[in-house]
Amino acid sequence: MDRFACLSALALFVAGSADTLAQDARLALGAKVFDTDCKTCHDTGKAKNDAPQLSETSEWKDRLGKGRAELYKNSIEGFSGYFAMPPRGGNPNLTDEEVKAAVDFLLYRAGLWQ
C-alpha cells in the first residue's frame, strides 16, 4: 500500500471515529435526559397516559414511520390525541437538542437507531 492510500485509509478511520464519538455523546446525553425527564412515563409498564414504553419497538416504529422530524416536533411542542405528550416531556428547561437526543436514545433502545 502506498503512502497516499495509507493516509486516505487513516483519514477515513478518523472521520468514522469522530462520527462514532459524536453519536455516542448524543446517546449519552439522551440517556441522561431520559433518566431525569422521560423515564416516568416511558419505562414503567403502561402509564395512565398509555405512553409508549422502551420495550415497545412496534410503537416506536409506527411513530418513526411519520418521520424523525415529526417525532422531534411532537416531543418538543407536545402532542395530544389518543394519549398526551407534554411539551419537552414536561420540563420547559430542556433545549431542543436535549429533547432530540432523548428521542434518539428511545429509538436506539427500541432497536430503531439509524
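FYI, it's all coordinate maths here, none of it is from the lab. Owing to the predicted nature of the structure, the values given are computational and were not obtained by experimental measurement. FYI the Cβ positions are ideal-geometry reconstructions off the backbone, even for glycines, and counts take in every protein chain you see.
Laid out as a table, the results:
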quantity: Pairwise label distance in nanometres, GLU59 with ALA28, each label 7 Å out on the Cα-Cβ vector; calculated: 2.9 nm
quantity: Residues listed by number, region 71-114, amide nitrogen under 18 Å from THR36 label point at 7 Å toward C-beta; calculated: 76, 87-106
